[in-house]
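Below is one structure; the comments refer to it alone.
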Amino acid sequence: MSILALETSCDDTCAAVVEADGSISANVISSQDVHGRFGGVVPEVASRHHLERVNAIVDAALREAGTELGGIALVAATQGPGLVGALLVGLSTAKALAAARELPFAPVDHLQGHVAANFLRAARNGDEGFEPPFLCLIASGGHTLLAHVRSLDGFDVVGRTLDDAAGEAFDKGARMLGLGYPGGAALERLAAGGDADAFCFPGSRRERARGGWGSARQSFASGLDFSFAGIKTALRYQLEELGAAEARGRAADLAASYQEAIVDSLVQRVERALEQTGLSRLAVGGGVAANGELRQRVRELGATVHIPAPALCTDNAAMIASAARYGEQLAYPEYLTLDAYATGERAP
Amino acid sequence: MSTVTVYSKPDCHLCEQAMSELRALQAELGFELCERDITADERLLRAYFERIPVIALEGEELFDYFVDEMVLRERLESRR
């Protein structure tokens, strides 16, 4: 049984064909490079690009899988959360494809998709998949949360960001350091040549040790929730204090210290959540999972760690197909009135 | 007087936004403003499709999606 899935929640147009056993027959991702000059994703522009590309991307996925619509048994798409205009392009396309053949349809939650990326088998990497129970850290440009994954079809959120996402902190920090957008990867490269102890940013171990940020708010300081808004402001003030010339000269130290603070903040809560839940298995997903410093630090925690291949960590449709295997499947024509949702939980 | 052309489509809110920004600048900067509906011209539709609005000055494409007021000012100044 082949599943065709679409994912268009942000600025990547994605289609994939996945088999019932979790093996991936095709995973096509088309990233929109148009947003860089605006310094961030412009929702209206993202929607239009999805619209222009979605049919070609579906064709490419079917072709790569060596199948056609007649070989598909289930169609799935991300229903939310995300940019509503962008979501609607993938959701409507998927519903239309399913309806044309009277196939069942599975609406999938984007975050459940990131969790389900761990259930996929990536033969090329010898990855046989990772089964619950485990703790899952999802950290991307739009989301940052800790999920206690008890079963294949759901999870409990044990910690979430109270403001910005970790990936957003990386990208906005990179922009302030003049590395362009999206600049998370460029910031990591710059940080490699810098001294992480040069500056003290909110959320870092050193800052906590000296009783700074968050220590006054006991429930936050000892909890599992994240906050990344303060660190961006701190970087801005630091840059102003240094002045342009010195900031340029110390860019690598700034990047290293900034990265260290974000990673410290993530790792501290992961460690605490492992303790509190008694879990000894950890999965990491979302674009921030590509960060080498984070990967190394979570491997030092002593848990069994699973990090899917990079193409399965960032937004992709294979993870949506994976989640569709275990979630709700609607028969034709029940799904025709389904709507996308921007935030929070799925509408009943 | 220079002509600024906006390639647009009906019901495109970015186009409406660009037109209203340009109208607000028109008196001060002094240019002719001309709006072209790309759905009425097969060639323009193929060229621009969802990449609208496209804003051109005397036939040269300056921006798509958004008006950059500073660049527009500079370009109009240099034509005087």
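Some values worked out for this structure:
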{"quantity": "In degrees, nearest ten, helix A:229-242 long axis to first principal axis of chain A (Cα)", "calculated": "40"}
{"quantity": "MRE, 222 nm, helices only [DSSP H, n ≥ 4, -39500 (n - 2.57), over the protein assembly as shown, to nearest 500]", "calculated": "-12500 deg cm²/dmol"}
{"quantity": "Solvent exposure of the protein assembly as shown as accessible area per residue, Å², 1.4 Å probe", "calculated": "43"}
{"quantity": "Debye equation applied to the C-alpha atoms of the stretch A:140-245, log10 I(q)/I(0) at 0.09, 0.21, 0.22 Å⁻¹", "calculated": "-0.28, -1.23, -1.30"}
{"quantity": "Mean Cα-pair separation over length for chain A, i.e. relative contact order, pairs under 8 Å, 6 or more apart, %", "calculated": "25"}
{"quantity": "Cα-derived Rg over Rh, computed across the stretch B:26-68 with Rh taken as Kirkwood radius", "calculated": "1.00"}
{"quantity": "Helix B:13-29 vs. chain B, principal-axis angle (Cα, 0 to 90°, nearest 10)", "calculated": "20"}
{"quantity": "Over 23 Å [Cα-Cα, chain B], rounded percent", "calculated": "15"}
{"quantity": "For chain B: relative contact order, % (alpha-carbon pairs under 8 angstrom, 6 or more apart)", "calculated": "38"}
{"quantity": "Computed over the stretch A:1-118, Cα set: Rg, Dmax in Å", "calculated": "13.6, 42"}
{"quantity": "Calculated on alpha-carbon atoms, Rg and Dmax of the stretch A:104-164 in Å", "calculated": "12.7, 38"}
{"quantity": "Enclosed volume per residue, in Å³, of the convex hull spanned by Cα atoms of the protein assembly as shown", "calculated": "172"}
{"quantity": "Descending semi-axes in Å of the stretch A:222-304, equivalent ellipsoid built from Cα gyration tensor", "calculated": "30, 14, 9"}
{"quantity": "Hits among aspartates and glutamates - C-alpha to C-alpha of B:Lys9 under 12 Å, sequence gap 8 or more where chains match", "calculated": "B:Glu35, B:Asp37, B:Asp41, B:Glu50"}
{"quantity": "Net charge of Cβ neighbours under 12 Å - reference A:Glu293; Lys, Arg +1; Asp, Glu -1", "calculated": "0"}
{"quantity": "Neighbour net charge for A:Arg206 - beta-carbon separation under 14 angstrom, K R +1, D E -1", "calculated": "-3"}
{"quantity": "Exposure rule at most 14 other beta-carbon atoms within 10 Å, DSSP loop GluC sites (Glu not before Pro): chain A longest free segment", "calculated": "A:129-299"}
{"quantity": "Alpha-carbon radius of gyration plus Dmax, which is the widest Cα pair, for the stretch A:21-90 in Å", "calculated": "14.0, 42"}
{"quantity": "J(HN,Hα) series, the stretch A:262-279, from Karplus relation 6.51 cos²θ - 1.76 cosθ + 1.60, nearest Hz, glycine and proline x", "calculated": "5, 5, 4, 4, 5, 5, 4, 6, 4, 4, 5, 5, 4, 4, 5, 8, x, 7"}
{"quantity": "Cα pair distances in the stretch A:187-270, grouped into 10 Å bins until the bin that holds the longest one, percent each", "calculated": "19, 51, 25, 6, 0"}
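The values are calculated or read from the model by the stated rules, or taken from the named source; none is laboratory data. All values reported here derive from a predicted model rather than from experimental measurement. Using ideal geometry, Cβ is built from the backbone for each residue, glycine included, and neighbour counts are taken over all protein chains shown. These area figures cover heavy atoms from the full protein model, side chains too; ligands, DNA and RNA do not enter into them. Shrake-Rupley method; radii C 1.70, N 1.55, O 1.52, S 1.80 Å.
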